[in-house]
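Take a look at the structure set out below.
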Amino acid sequence: NNGLTISDEPSALGVIAANNQFCDNGALGIENQFITATLAAAGNWWGAVDGPGPVAAGNGDGVSAGVDYSSFTTTPPTSGPCQTANLTIAKVTDPATGEPGFNFGGDLGAFSLDDGRSEEHTSELQSH
């Protein structure tokens, strides 16, 4: 499994994957399936001091083409590297208003998502 998979154009979604930990994923840390647009992914820990692979030269979790992994973190987080969590974000349209939004699932804990609109989405996900 991938740590994060982007299956729609990331800049249109306002998706940025910054300041995260990507470790011990079965396939890639981040896969951008919409490779004509670049996903901003700076400041992440990839599980190795030399950053991500196989597109990059590092030994950490891999990235696909279309991921800007520059300025990756070279030291593991003080909270400890590779803490396990899952997050699924699905772009949806509210049937009542026609407004775009997001559905969240997983066991990540507290997080925030800025989708470029006036409010920030904050949620606390719990294990099921």
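List of remarks:
- Distance in nm between pseudo-label sites at ALA40 and SER71 (7 Å out along the Cβ direction from Cα): 0.8
- For VAL55 and ASP94, the FRET efficiency from 1/(1 + (r/R0)^6), where r spans their Cβ atoms and R0 equals 25 Å, is about 0.10.
- Were the residues from ASN1 through ALA18 laid out at 0.36 nm apart, the gain over their Cα-Cα distance would be 4.1 nm.
- Less than 5 angstrom separates the built amide H of GLY29 from those of GLY3, GLY62, VAL63, all sequence-distant by 5 or more or on a different chain.
FYI, it's all coordinate maths here, none of it is from the lab. No experiment lies behind these values; they were computed from the predicted model shown. Counting neighbours? That spans all protein chains shown, and the Cβs are built from the backbone with ideal geometry, glycine included.
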